[in-house]
Amino acid sequence: MQVLFATTNPAKVKKYRDLLKEKGIELVTIKDLDFKLDIDENGKDAIENAYIKAKTYYDKTKIPTIGMDNNLFIEELPEEKQPGTHVRRINGKELNDDEMITYYTNLVKENYGKLTAKWVYGMVICSDNGVNKFSWSKDHFYFVDKPCEKRNPGYPLDSITIVPEFNKYLAELTEEDKEVYKKKDNIDEVIEFITKSI
């Protein structure tokens with residue numbers, strides 16, 4: 001069965017593609033389509049933005065569609081400075097991976113070299129079965145002002161994220177580390193949510 005993942009982020013696709021294939025689900029992406037819709041992601045949180053993406057692409061293609069978004073919260077910042085849904089969009093500009101690393105390392109430097117962060121994820125699936133929503137979070141990690149050399153395309157903040165359990169950059173986790181860390185990602189619950197929703 002084909003399912004559209006309404007994202008242009010290769011890292012998100014890579015994360016779920018093989019696991020869904022094992023369940024008989026073939027992920028297609030915006031890149032696989034002959035068009036890309038201009039979507040105003042103006043939701044107040046990750047679930048609303050995920051819904052906007054999923055609904056817009058489902059209405060156009062009639063393929064069961066996954067929309068996903070994430071919000072970033074930083075403990076040391078006041079409400080008005082929280083990235084929230086605008087992790088990549090700073091002062092109206094969409095940042096590329098390198099610009100994100102520069103922006104967030106500067107933010108860390110302004111705040112004494114370490115920021116405690118939390119991701120809140122939202123996923124919405126629109127299909128003939130209706131609309132299904134799922135949310136989860138990942139916390140207890142921090143950003144530092146010196147990026148590592150390794151880059152995960154689509155996930156630039158992995159290069160400045162330290163995972164306390166391993167005392168390593170997220171981008172430098174070994175395959176064995178990733179298996180342990182995956183449990184924090186709720187990946188099994190996400191895969192189950194997708195398979196039950198379509």
Next on the checklist: Between the stretch 163-178 and the stretch 102-126, how far is it from one alpha carbon centroid to the other, in angstrom?
Outcome noted: 17
Checklist entry - If you count the DSSP beta bridges with both ends in the chain, what percent of them are antiparallel, to the nearest 5? => result 85
Checklist entry - Under 14 Å from the Cα of residue 60, which aspartates and glutamates turn up, not counting those fewer than eight places away in the same chain? => result 34, 38, 128
Checklist entry - Loop-only check: which trypsin sites (Lys or Arg not before Pro) in the stretch 101-159 are DSSP coil with at most 14 other Cβ within 10 angstrom? => result 150
Checklist entry - Of 21/196; 36/196; 118/182; 109/178, which pairs sit farther than 18 Å apart, going by alpha carbon to alpha carbon? => result 36/196; 109/178
Item to check | Surrounding net charge for residue 101, when Lys and Arg each add one and Asp and Glu each subtract one, Cβ distance under 14 Å | outcome: -1
Item to check | Radius of gyration and maximum dimension Dmax of the stretch 109-187, Cα, Å | outcome: 15.1, 50
Checklist entry - When the helices in the chain are scored as -39500 (n - 2.57) per DSSP H run of 4 or longer and the sum is shared across all residues, what 222 nm value do you end up with, to the nearest 500 deg cm²/dmol? => result -9500 deg cm²/dmol
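Any read-out appearing in this document is the output of simple, stated calculations on the displayed coordinates, not a laboratory observation. What you see is a predicted model; the values in this text were computed from it and never measured. Every residue, glycine as well, gets a Cβ built from its backbone with ideal geometry; the counts of neighbours run over all protein chains shown.
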